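Working notes, structure below.
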Amino acid sequence: MTATTLTVRLARKSAETEHICRLELEPLPGQSLPTFTPGAHLDLHLAPGLVRPYSLVNAPEEGGVYRLGVLLDPASRGGSRAVHALQAGQALSISAPVNHFELAPQAGHHLLLGGGIGITPLLSMAQHLAQQGQSFSLHYSARSPEQAAFMPRLAEPDLQPHVHTHFDSGAPDQQLDLAALLAAPQPSTHLYVCGPKGYMDAVLGAARRAGWPEAQLHSEVFQATVERLADDAEFEVEIASTGLVVTVPPELSIAQALEQAGVRLMTSCEQGVCGTCLTRVLAGQPDHRDSYLSEEEQAANDQFLPCCSRSRSARLVLDL
């Protein structure tokens, strides 16, 4: 699998908070940046084998620049540490933006809920919706004002009337009351949520208990825990184009086993979140462990994410 990459320049890097940096990427002289839609992300190619997805923060209408906000994760596997070590003026290789978190065009009102660094795609959405004069509200939850990103932008006149902030360190009357906020789902309202897993589980759980239809719920996961089970067994994958059969032991992912056999997949998050390594399955039954495919897509068993998923059958035949 291949992906188009382009070279950009890190024009500016600044501290958004103590642990979040803001990057502004600009095209090289004589070049232009591909357009994108609100909620899109791009991959930063930080080192050989180190590719990470980050959401675009700015509105699509603001051409000529890509803005990112990146949290330095204490449990970083190398990606966020590498981003925070970047210096202004560097050339970077990136993917063209892709979007798996689109605004619903049929929505009459957009309810945006962001937790922590999950504000990044929602800020892009909010700016776009404000420019288009569409109905929306944004609820942003963070531990404290000091740890909240992009607060000056959220306070500007075009966004401020739509924004509600909720801080763990604040008074009880400003805490996010999910049950009250989501109590009366409307047919024309769509909900969008992004943030840490616990936050997203709480939002989506409250929405489902309140009777929100799945078609009106939209989410994007930044991080997921790759499931490892005590009874994970060895199995085989076959490359359809060559007939090569690779054994996948319990301690390796399919992507890792293939790479050791000389078959390189394009991967990014390596957690089943971004969809970069999505691969067609021609035979066999995958054991889906991703956060990317819907339940219906997983049930079809004709595609899967080899960075995290395994096999329920003795062999999977892959369209590679």
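The values are calculated or read from the model by the stated rules, or taken from the named source; none is laboratory data. Quick caveat, the model's predicted, so the values are computed rather than measured. Cβ placement follows ideal geometry from the backbone for every residue including glycine, while neighbour counts extend to all protein chains displayed. Ligands, DNA and RNA are excluded from the accessible area calculation, which covers all protein heavy atoms including side chains. Shrake-Rupley method; radii C 1.70, N 1.55, O 1.52, S 1.80 Å.
What to note about this one:
- With the simple model of a label 7 Å out from the Cα in the direction of the Cβ, Leu6 to Ala183 spans 4.8 nm.
- With loop membership from DSSP and a limit of 11 other Cβ atoms within 10 Å, the longest segment of the chain without GluC sites (Glu not before Pro) is 62-250.
- Solvent exposure of the chain as accessible area per residue, Å², 1.4 Å probe: 46 Å²
- As a length-normalised measure over Cα pairs under 8 Å and 6 or more apart, the relative contact order of the stretch 147-235 settles at 24 percent.
- Inverse mean reciprocal Cα-Cα distance (Kirkwood Rh) of the chain, Å: 21.0 Å
- The share of Cα pairs per 5 Å bin across the stretch 53-183, counted from zero up to the longest distance, runs 2, 9, 17, 21, 20, 15, 10, 5, 1, 0 percent.
- For the stretch 255-320 and the stretch 230-247, distance of Cα centres in Å: 11 Å
- Extension gain, Ser93 to Arg312: 0.36 nm times the residue separation minus the Cα-Cα distance gives 75.1 nm.
- Between Glu297 and Ala47, the C-beta separation translates, for a Förster distance of 30 Å, into a calculated FRET efficiency of about 0.40.
- Gaussian network model of the chain, Cα within-10 Å springs - most flexible of Arg289, Arg264, Arg52: Arg264
- Principal-axis analysis of the Cα atoms of the chain puts helix 119-132 at an angle of about 60° to the longest axis.
- Amide H contacts under 5 Å for His164, placed H, 5+ residues apart: Leu138, His139, Tyr140
- For the stretch 305-317, 3J(HN,Hα) per residue [Karplus equation, 6.51 cos²θ - 1.76 cosθ + 1.60, θ = phi - 60°, Hz, x = Gly/Pro]: 10, x, 6, 9, 7, 10, 9, 8, 9, 5, 8, 10, 9
- Relative packing of 25-36, 124-135, which averages over residues the other C-beta atoms within 10 Å, highest first: 124-135, 25-36
- Selected from Asp173, Asp232, Asp201 as most flexible by GNM, with the chain as the system and alpha-carbon contacts under 10 Å: Asp173
- Whole-number D in µm² s⁻¹ for the stretch 211-304, Kirkwood Cα-pair radius fed into Stokes-Einstein, 25 °C, 0.890 mPa s: 166 µm²/s
- A crude spin-label estimate for the pair Glu214 and Thr35, with each label 7 Å from Cα along the Cβ direction, gives 3.3 nm.
- GNM result for the chain, Cα springs below 10 Å: residue of Val70, Val193, Val248 fluctuating most strongly: Val248
- ³J(HN,Hα) computed for each position of the stretch 169-186 - Karplus, 6.51 cos²θ - 1.76 cosθ + 1.60, integer Hz, glycine/proline x: 7, x, 5, x, 6, 10, 5, 6, 9, 5, 4, 6, 5, 9, 5, 10, x, 10
- Isotropically averaged projected area of the stretch 1-78, using the convex hull of Cα atoms (one quarter of hull area), nm²: 6.3 nm²
- Computed FRET value (nearest 0.05) for Gln106 with Leu282, which takes r as the C-beta separation and R₀ as 35 Å: 0.50
- For the chain, adding -39500 (n - 2.57) for each run of n ≥ 4 DSSP H residues and dividing by the number of residues yields -4500 deg cm²/dmol at 222 nm.
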